[in-house]
Structures are given as structure tokens and as C-alpha cells.
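What follows draws every value from the coordinates through simple rules; no lab data is involved. Everything quoted here is computed from the prediction, not taken from an experiment.
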Amino acid sequence: MAKLVYLAGPIDGCTYGECTSWRDYAIRELSQDGITGLSPMRAKDFLKEHPKLVDGISEHVLISDAGITTRDMWDVRRSDAILFNLLGAEKVSTGTMIEYGWGSAFNKPLITAMESEGNVHEHNMIRRLSGYRVETLEEGLLVVRALFDY
């Protein structure tokens, strides 16, 4: 049985590297335990050429309004858990907040990596929906591994 975790976090306003480096790291780390990380950035290498990723940056079908929404919702629905990395966020990520709603509606364990204070995503609903809240990506990966330790 596949063990899938969706890797959620800000994309809009970030560089390609900021969006992919932590996700690539998480995918490598989790794969050692037979867990597959699903990145919303997969198959989007064509975005490397842009200095910042912003809404409407390209006409490519994978990053159209429908393309992003369809695949991200599908990934959240089929995942066993969702790891949210909000560390260092400079502005609220609307898409990520929607993924919290989907994850909750689909009864997924939600793991949030976020600073203890000062993060722009600090909100009572995020605190309530987060089954696990940690302050580092490493701690988030430990929680994911523990959830799949059966």
C-alpha cells in the first residue's frame, strides 16, 4: 500500500528554488522510509526561468487556474497526510490555506511546520486544524514518519 504525503506551502511570490528545495529534500528523506512525497511543483521545471512565481505567470495548462486546482485537490484527496511548511513565509498563501480546508474536509492528518510566533499564517483556524504543529521541517518529517510507523 502506497504511503503518500502532500507537501504544501507557499508558491506565489517565491522563487522556483524556494518552492522546490525544501520539497526535494523532504521527498529524498521520506523515500528512505518508503513514503512518497507529492510536490505541487512536479513537472513544472519550465518555471525555473522566472525570477518569481506569481499568479498568471504562464499559459501552460499545468499552471492554469483549473490545472493547479484540479491536481492539487486530487493530490490532497489521495494523500494519507499533509505536511505544511509555512516557515519563513512573508505573505499569506491563499492556495495553501485552501489546502488546509481540503485536508480537513477529507479527514487527513495535518502537520504544520511554522514558527512559534510572528508567522503571517498565525490564525485560530490554522491552530485548530493542525493536528501536529512543529517549529522545524525536520520535526515535521519526524511526525510524518511516526504516522506511517505501522
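Got a sec to turn the phi values of segment 84-101 into Karplus ³J(HN,Hα) couplings, 6.51 cos²θ - 1.76 cosθ + 1.60 with θ = phi - 60°, whole Hz, x for Gly and Pro?
9, 10, 9, 4, x, 4, 9, 8, 5, 9, 4, x, 5, 5, 5, 5, 4, x
Specify whether the C-alpha gyration tensor of segment 4-147 places it in the rounded, prolate or oblate class, a ≥ b ≥ c being the square roots of the eigenvalues: rounded for a/c under 1.5, otherwise prolate if a/b is larger than b/c and oblate if not. It would help to have the intermediate numbers written out before the result.
Numbers: a/c = 1.43, a/b = 1.29, b/c = 1.11.
Rounded shape, in that the Cα axes give a/c under 1.5.
Name the residues whose placed amide hydrogens come within less than 5 Å of the amide hydrogen of Thr112, ignoring near sequence neighbours (fewer than 5 apart) on the same chain.
Answer set, sorted by chain and number: Phe84, Tyr132, Arg133, Val134.
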